[in-house]
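**Student:** I have a structure here, written as structure tokens, and I will follow up with some questions on it.
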Amino acid sequence: MNKIKSILANVLQIDENSIRDETSPENVESWDSFNALLLISEFEKAFNIHFDINEVMSVKCVKDIKMILKKHGVETEDE
Amino acid sequence: MTENEYIKKIKRAKEELILNDSLVNYLKLYKGLQDINLNVEEKKIKIAVIGDSTLDGVKEVLNVKCRILGLYPLFYIAPYGQYAQVILNENSALYEFKPDITIVWINVDTVFSENFYLPYRLSSKNRKKLVEDCFKNITLLLKKISEGTDSKVILHNFQMPISSSMGILENKQEYGLVESINNLNNKLIKNYQTDNQVFIFDFEGFTSRYGKENVTDLKLRFSADMRLKPDFIPKLCDEYLGYIKPIKSLNKKCLVLDLDNTLWGGVVGEDGFEGIKLGPKSPGNAFVEFQKVILSLYERGIILAINSKNNPDDALKVIKEHPYMVLKEKHFAAIKINWNDKASNMAEIANELNINLDSLVFIDDDRTNRALVREMLPQVLTLEIPDDPALYAQTLQKLNDFNILQLTEEDIKRGEMYAQQRKRTEFQKISLDLKDFLKNLNLKVTLSKADKFNIPRISQLTQKTNQFNMTTKRYLEEDITKFSENKNSLIFSAQVEDRFGDYGLTGAVIIRKDKETWVIDTFLLSCRVLGKEVEKAILAFVIEQARKDGVKRLVGEFISTKKNTPAKDFYKDNKFKLANKVNEKEEWVFNMDTKHDYPDYIKINLRV
């Protein structure tokens, strides 16, 4: 989860500690459509995986990201 | 934020980006650099970007890159999908913005629309017509920009498709899709080959270099119309910087090279003449190739110099006698082979060549030397060169800091001329008396009327000459052409050579004639020919011509600037009398009865 949070914080330029499962474009101003795509790219780079186009469109909040990462075999549970 | 804090921040940003040049990192740095406005006119650059796809990130990356160069960038980014409206509407925000550089990035599928996917519905004749129509439309758009602004215009060429419905028969089709796009690209190149406002950026070459499948993420393309993966945006912006640097005169002129493990493998002091790695066998061949790339830069006019910690005899023996040295002694304008520190040598090289430290690029395999020069002389561009010599040549080839917007004869010969200068200085050291030295130089000055061959150079001289320039009036090519066509003006250039070689076109004079009065509007000489009394010879010619024309009053103008002190006493020393002075502007008058001879050791050649 730490790595995921740090990517989110880095791209959205928000405090890592403020990130919850419910964090979403609704409550983070910097989470615009462009940053949403940057997030995908950064996760792909960091975990060496590939999201497909349906997965990209399905991301609505942090929880969704974690689910997709899990599907790709990335450990997402809190330590 | 104070200016000092800002400079520190920029320095840190630079270091961070060497380690990680991802788009996200640029976006992060971007925010921290915006609170200070370096509102200095000469540092300002207005950049317009117009495209048909998503341009997000370009502004932020270019902003950071420009600020690292010491510039203050301002931006206009056309709204998504509105490139044509923005360009065609003369009242659009683009024209209000008055850009210095306008980047136009339109993709081939936009230009060809449906025909890009279904080209073979058209007959070959209609495909040919399609290319002609596209060419017309694009050149029309560019004409609008170049007429509506003073901006340089950078047009992306069109990317070739990576597959065809025709498969292996694609190039058996008359005027097939690939051939059509190639033709469109070539027509654009030809059309703008001699245009100094419009430049074609080889976007096709750019995507090929990194791999077309690799630079695009198709899901980002379909979900957001992003044509490049985020981390290729900084690489694209580097290409744009290749244009911005020469526009802002940030281009480099001189390449300073280390010797051991840079021009050859090994250390000559330890491995000996025969032990160093340089030749057809690996790894010596990597150094041979690197030297060839350097030689090609020299032949394009880049000045070369050596800065090496070495025993001079050992190192010079390699340069003079090694059978596989591509670079010879005659190619170097300054040679510093000693045990001094590299930063002091660097400063001496700049001083000796009379060029600014910020025109130097330094290549050294040794990290400590690089760090020292970076710390002591941050103005010098110290290249971050990979440890592997196999990558040296490619690293140098990628450098865009030698870019210039226009190449004149003089630019091409610069490297050679500076190298000849070294020989001259050595000669001067052995001849004791200046008069004797000048006499033995066999100076020859050729004076020529302005014509289409020398007009670009005359304009360039007025733009660039600061020291021996009586009035520092800057003229565009168009202005020089007007002078040359006007009966009431006399304009000529001076080319100087001596026994060591040709200095090229290094002087220019513009005279405004008003009945019996001649006013010397411009009188300038490049600093590399100063101290030889060439200016006295040129003035003698002006006076002679004035006499022939029955001129009663010959007036020399002088406008004082921070940089033109070498020219300050020129008219006074040549028996002109100060007649008028208003602010920085002086008028000196020559009594036409006064004697003024040509210096007897200068041969004059007339083509006026």
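The values are calculated or read from the model by the stated rules, or taken from the named source; none is laboratory data. Values in this document were obtained by computation on a predicted structure and should not be read as measured data. Reconstructed Cβ throughout: ideal geometry from the backbone, glycine too, with neighbour counts over all protein chains shown. Please note that ligands, DNA and RNA were not included when accessible areas were found on the heavy atoms of the full protein model with its side chains. Shrake-Rupley method; radii C 1.70, N 1.55, O 1.52, S 1.80 Å.
**Student:** On alpha carbon coordinates alone, what is the Rg over Rh value for the protein assembly as shown, Rh being the Kirkwood radius? Write down the numbers at each step before the final one.
**Tutor:** Values: Rg = 30.0 Å, Rh = 29.4 Å.
Rg/Rh for the protein assembly as shown comes to 1.02.
**Student:** A further question on this structure: Show me the trypsin sites (Lys or Arg not before Pro) within segment A:30-79 that DSSP assigns to loop and that have at most 14 other Cβ atoms within 10 Å of their Cβ.
**Tutor:** Of the trypsin sites (Lys or Arg not before Pro), the ones in loops of segment A:30-79 whose Cβ has at most 14 other Cβ atoms within 10 Å are A:Lys60.
**Student:** How high is the relative contact order of segment A:2-71, in percent, counting Cα pairs under 8 Å that sit 6 or more residues apart?
**Tutor:** With pairs under 8 Å counted, the relative contact order is 33 percent.
**Student:** Now, a different point. Relative contact order for chain B: what is it in percent, counting Cα pairs under 8 Å that are at least 6 residues apart?
**Tutor:** Relative CO of chain B lands at 9 percent.
**Student:** Would you please put B:24-37, B:217-230, B:561-574 in order of how densely packed they are, using the mean number of other Cβ atoms within 10 angstrom per residue and starting with the highest?
**Tutor:** Listed from highest to lowest mean packing, they are B:217-230, B:24-37, B:561-574.
**Student:** Place a +1 charge on the Cβ of each Lys and Arg in the protein assembly as shown and a -1 charge on the Cβ of each Asp and Glu, then give the dipole magnitude about the Cα centre in debye, rounded to the nearest 20.
**Tutor:** 2600 debye
**Student:** Could I ask something else about it? What translational D, rounded to a whole number of µm²/s, comes out for segment B:305-455 from Stokes-Einstein when the hydrodynamic radius is the Kirkwood one over Cα pairs, at 25 °C and 0.890 mPa s?
**Tutor:** Approximately 135 µm²/s, per Stokes-Einstein.
**Student:** Quick one: which residues, 5 or more positions from B:Thr522 or on another chain, have an amide H under 5 Å from its amide H? H modelled 1.01 Å from N in the peptide plane, none for Pro or chain starts.
**Tutor:** So B:Thr522 has HN proximity to B:Ile510.
**Student:** OK, next. Sequence-distant or interchain residues sharing an amide H contact under 5 Å with B:Gly504, placed H: which?
**Tutor:** Long-range HN contacts for B:Gly504: B:Val496.
**Student:** Sticking with this structure for a sec: Go through B:Asn171, B:Thr2, B:Leu578 and say which Cα lies farthest out towards the positive end of the charge dipole of the protein assembly as shown; charges sit on Cβ, +1 for Lys and Arg, -1 for Asp and Glu.
**Tutor:** Looking along the dipole axis, the top candidate is B:Leu578.
**Student:** Counting only other chains, and only Cβ atoms inside 10 Å, what mean value do you get across the residues of A:21-34?
**Tutor:** Shielding by partners across A:21-34 averages 1.
**Student:** Moving on to the next point. Once Lys and Arg get +1 and Asp and Glu get -1 on their Cβ, which of B:Ile294, B:Pro566, B:Thr139 lies farthest toward the positive end of the dipole of chain B?
**Tutor:** It is B:Pro566, whose Cα lies furthest towards the positive end.
**Student:** Rounded to the nearest 20 Debye, what is the dipole magnitude of segment A:24-79 about its Cα centre when Lys and Arg each give +1 and Asp and Glu each give -1 at the C-beta? Don't skip to the end; give the middle numbers.
**Tutor:** Numbers: 6 positive and 12 negative charges, 36 e Å.
Roughly 180 debye for segment A:24-79.
**Student:** Quick one: if you stick a label point 7 Å off each Cα along the C-beta vector at B:Ser296 and B:Glu274, how many nm between them?
**Tutor:** Modelled inter-label distance: 3.4 nm.
**Student:** Calculate the spin-label point distance for B:Leu140 paired with B:Thr561, positioning each point 7 Å from the Cα along the beta-carbon direction, and give it in nanometres.
**Tutor:** For B:Thr561 paired with B:Leu140, the spin-label model returns 4.3 nm.
**Student:** So which trypsin sites (Lys or Arg not before Pro) in segment B:387-463 end up in coil per DSSP with only 14 or fewer other C-beta atoms within 10 Å? All intermediate terms of the calculation are to be shown ahead of the outcome.
**Tutor:** Values: sites: B:Lys398, B:Lys413, B:Arg414, B:Arg422, B:Lys423, B:Arg424, B:Lys429, B:Lys435, B:Lys439, B:Lys444, B:Lys449, B:Lys452, B:Arg457; in loops: B:Lys452.
Here the trypsin sites (Lys or Arg not before Pro) that fit, given the DSSP loop and packing criteria, are B:Lys452.
**Student:** Please compute, for peptide A:36-42, the average count of beta-carbon atoms on other protein chains lying within 10 Å of each residue's beta-carbon. Write down the numbers at each step before the final one.
**Tutor:** Values: counts 2, 10, 10, 1, 5, 9, 5.
Neighbouring Cβ atoms belonging to other protein chains average 6 per residue here.
**Student:** To two decimal places, what compactness ratio does segment B:564-608 give when its Cα radius of gyration is scaled by 2.2 N^0.38 Å?
**Tutor:** Cα Rg divided by the expected 2.2 N^0.38 Å: 1.47.
**Student:** Let me ask another. For segment B:68-128, run through the GluC sites (Glu not before Pro) and keep only the ones in DSSP coil with at most 16 other Cβ atoms within 10 Å of their Cβ. Mind dumping the intermediate values first?
**Tutor:** Values: sites: B:Glu90, B:Glu96, B:Glu114; in loops: B:Glu90.
Sites meeting the loop and neighbour criteria: B:Glu90.
**Student:** Using the alpha carbon gyration tensor of segment B:6-119, what are the three equivalent-ellipsoid semi-axes (square root of 5 times each eigenvalue), largest first, in whole Å?
**Tutor:** 31, 19, 9
**Student:** Once you wrap a convex hull around the alpha carbon atoms of segment B:379-530, what is its projected area averaged over all directions, in nm²? The partial results should precede the final answer.
**Tutor:** On the way: hull surface 51.3 nm².
Taking a quarter of the hull surface, the average projection is 12.8 nm².
**Student:** Here's something else I'd like to know. Check the straight Cα-Cα distances from B:Lys577 and name the aspartates and glutamates below 14 Å, setting aside those fewer than 8 residues away within the same chain.
**Tutor:** Filter leaves B:Glu557, B:Asp569, B:Glu586, B:Glu587, B:Asp593.
**Student:** With no solvent and one equal point scatterer placed on each C-alpha of segment B:97-213, evaluate the Debye formula and give log10 I(q)/I(0) for q = 0.18 Å⁻¹, two decimals.
**Tutor:** Computed log10 I(q)/I(0) values: -0.95.
**Student:** What FRET efficiency, computed as 1/(1 + (r/R0)^6) with R0 = 30 Å and r the Cβ-Cβ distance, is obtained for B:Lys515 and B:Lys595, rounded to the nearest 0.05?
**Tutor:** Working: r = 25 Å, r/R0 = 0.82.
FRET efficiency, B:Lys515 to B:Lys595: 0.75.
**Student:** B:Asn186 versus B:Glu42, label points 7 Å from Cα toward the beta carbon: distance in nm?
**Tutor:** 4.5 nm
**Student:** How many percent of the accessible area of segment B:370-424 is carbon or sulfur, using a 1.4 Å probe?
**Tutor:** So the carbon and sulfur contribution to the accessible surface is 52 percent.
**Student:** Given 5 Å bins starting at zero, what is the percent of C-alpha pairs of segment B:384-471 in each, up to the one with the largest pair distance?
**Tutor:** Bin by bin from 0 Å, the calculated values are 3, 9, 11, 14, 16, 15, 12, 9, 7, 4, 1.
**Student:** To continue, here is another question. Partner chain Cβ atoms within 10 Å, averaged over the residues of B:45-58 - can you pull that number for me?
**Tutor:** Mean shielding by partner chains, rounded to a whole number: 1.
**Student:** Take every Cα-Cα pair in segment B:523-580 and report what % of them are more than 13 Å apart.
**Tutor:** Value for segment B:523-580: 66 percent of Cα pairs lie more than 13 Å apart.
**Student:** Moving on to the next point. Cross-link candidates for B:Lys435: which aspartates and glutamates have Cα within less than 20 Å, leaving aside residues fewer than 8 places away along the same chain?
**Tutor:** Counting by Cα, and skipping residues close in sequence, B:Lys435 has these aspartates and glutamates nearby: B:Glu426, B:Glu497, B:Asp498, B:Glu533, B:Glu535, B:Asp573, B:Asp597, B:Asp600.
**Student:** State which entries of B:Lys59/B:Lys98; B:Lys452/B:Lys585; B:Lys44/B:Lys398 exceed 20 angstrom in Cα-Cα distance in the structure shown.
**Tutor:** B:Lys452/B:Lys585; B:Lys44/B:Lys398
**Student:** Work out how much length B:Leu530 to B:Asn580 would gain on full extension: take 0.36 nm times their residue separation and subtract the Cα-Cα distance, in nm to one decimal.
**Tutor:** Full extension of this stretch gives 15.3 nm more.
**Student:** Where the convex hull is taken over the Cα atoms of chain B, what is its projected area averaged over directions, in nm²? Let's see the in-between values first.
**Tutor:** Working: hull surface 133.1 nm².
Taking the Cα atoms of chain B, their convex hull projects to 33.3 nm² on average.
**Student:** Using the Cα atoms of segment A:2-71 to build a convex hull, what is its mean projected area in square nanometres?
**Tutor:** Quarter of the Cα hull surface area: 4.1 nm².
**Student:** In this model, which of B:Lys14/B:Lys46; B:Lys487/B:Lys513; B:Lys143/B:Lys245; B:Lys43/B:Lys65 are farther than 18 Å apart at the alpha-carbon?
**Tutor:** B:Lys14/B:Lys46; B:Lys143/B:Lys245
**Student:** Run through every distinct alpha carbon pair of segment B:276-338 and return the Kirkwood hydrodynamic radius in angstroms, one decimal place.
**Tutor:** After inverting the mean inverse Cα-Cα distance, the result is 12.3 Å.
**Student:** Which aspartates and glutamates, on any chain, are close to B:Lys292 with Cα under 15 Å apart, when same-chain ones fewer than 8 places away are left out?
**Tutor:** Within the straight-line cut-off, B:Lys292 pairs with B:Glu329.
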